[in-house]
1. Do the conditions hold for B:Met1, that is, is it touching an Asp or Glu at 6+ places or on another chain (Cβ under 9 Å) and more than 14 Å from chain A (Cβ to nearest Cβ)?
2. Under 6 Å between Cβ atoms, at least 6 apart or on separate chains: pull out the pairs that start in the stretch A:145-171 with a residue that is free of Cβ contacts under 8 Å to residues at least 12 places away in the same chain and end on any residue that is crowded, with 16+ Cβ neighbours inside 10 Å and assigned to a helix (DSSP H, G or I).
3. In the stretch A:127-141, how many are in contact (Cβ under 8 Å) with a residue 24 or more places away in the chain and either hydrophobic (A, V, I, L, M, F, W, C) or not in a strand (DSSP E or B) (or both)?
4. Does A:Gly42 satisfy the criteria of being over 14 Å from the mean Cα position of the chain (by Cα), more than 14 Å from every other protein chain (Cβ to nearest Cβ), on the phi > 0 side of the Ramachandran plot and among the small types (Gly, Ala, Ser)?
5. Got a number for residues in the stretch A:91-116 being closer than 16 Å to A:Asp170 by Cβ and among the polar types (S, T, N, Q)?
6. Could you list, in sequence order, all residues of the stretch A:141-176 that are over 22 Å from A:Asp124 (Cα atoms) and in contact with a Lys or Arg (Cβ under 7 Å, 6 or more places away or on another chain)?
7. From the set of residues in the stretch B:54-87 that are in contact with a Lys or Arg (Cβ under 8 Å, 6 or more places away or on another chain) and among the small types (Gly, Ala, Ser), which is modelled with the highest pLDDT?
8. So, of the residues in the stretch A:1-36 that are free of Cβ contacts under 8 Å to residues at least 60 places away in the same chain and polar (S, T, N, Q), which turns out to be farthest from A:Asp218 (Cα to Cα)?
Amino acid sequence: MSGVVGVVVFPGSNCEMDCIESITQLGGEGRLLWHGDEDLCGVDAVIVPGGFAHGDYLRPGAIARFSPVMTEVSRFAADGGPVVGICNGFQVLTEAGLLPGALQKNDGLKFLCQPAILRVESSDSLLTSRAATGDRLSIPINHFEGNYTCDEETLMALRDEDRVILRYIDNPNGSVDNIAGVCNEGRNVVGLMPHPERACNELLGSSDGSVLLGSLLDLVT
Amino acid sequence: MKFTVLVDVRLRSGIADPAGATIERAIPVLGFAGVSGVSVGKIIRFTIEAVDKEEATIKSEELSTSFLTNPVIEDAVVTLSSMDDDL
């Protein structure tokens, strides 16, 4: 029996159904959670999906943290619940203070929509437990503000504590230290710019995303 | 007292500013020479009520750092002017 993965929907989210579809394909159960909800309906994990939550007004993710559901997501994360932020969801989690750093505009002035080859840097995370360190995964990116940045002290902590879980092989956006995905100190909150939910079927050009989302499902099964 | 507040949000040094870079590259095409350091930020305006300017400043600065800017990538200059002076 598989656990239930809640997928938060903000006004402007646009990847929630891809998340639900890939979770279902992988044998899990997905459930949409409206941003105005004040409870998580007992789900076993939460995905904050990609899109443009609240129109990305002010800054990407800046308004989303005030949605009622985010109070519950923060509480869930504080209790050790698994939370994943993908793309705009990663931006939301940094703005909400659940993950360190910020996502600035890409180097090179371009919106990027292309496959990216990622190197798994740590298998000790809720998204990479099915992978081995050094594995390469092809997962698409789709962003303008995906250039991860943080202060030097935070970067040292991320490295020393093995919290960089994914790096780009060929850095497409200028992210510091080629960072594509990080986790929090408790390792139960993960954010990444690439979209694993768009790479769970060979018809889409890659099924490598199933390694990541499958790892999440292993955790809640 | 009522104050008009301007929050001038700027990208911190070293943070990518593709809009500023693009504008700067276009300027010489128009024949303007010697223009450099172009950066694009935003200005947020609001009014605030407080007992005095000190309280209004503290509240505005707090709003700026906790919400209007992301301190990882942005700085802001907060400027207040009393609306009561206009009366």
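The values are calculated or read from the model by the stated rules, or taken from the named source; none is laboratory data. Here the structure is a predicted model, which is why all the values come from computation and not from measurement. Ideal geometry is used to build each Cβ from the backbone, glycine not excepted, and the neighbour counts take in all protein chains shown.
1. Here the answer is yes, as B:Met1 does meet what is asked.
2. The qualifying pairs are A:Asn171/A:Asn178.
3. Step one: of the stretch A:127-141, the residues in contact (Cβ under 8 Å) with a residue 24 or more places away in the chain are A:127-131, A:135-141.
Remaining after also requiring either hydrophobic (A, V, I, L, M, F, W, C) or not in a strand (DSSP E or B) (or both): A:127-131, A:135, A:137, A:139, A:141.
Summing the residues that are in contact (Cβ under 8 Å) with a residue 24 or more places away in the chain and either hydrophobic (A, V, I, L, M, F, W, C) or not in a strand (DSSP E or B) (or both) in the stretch A:127-141 gives 9.
4. When the stated conditions are applied, A:Gly42 passes them.
5. 2
6. Result: A:Phe144, A:Glu145, A:Asn147.
7. Across the stretch B:54-87, the extreme among qualifying residues is B:Ala76.
8. Out of the qualifying residues, it is A:Asn14.
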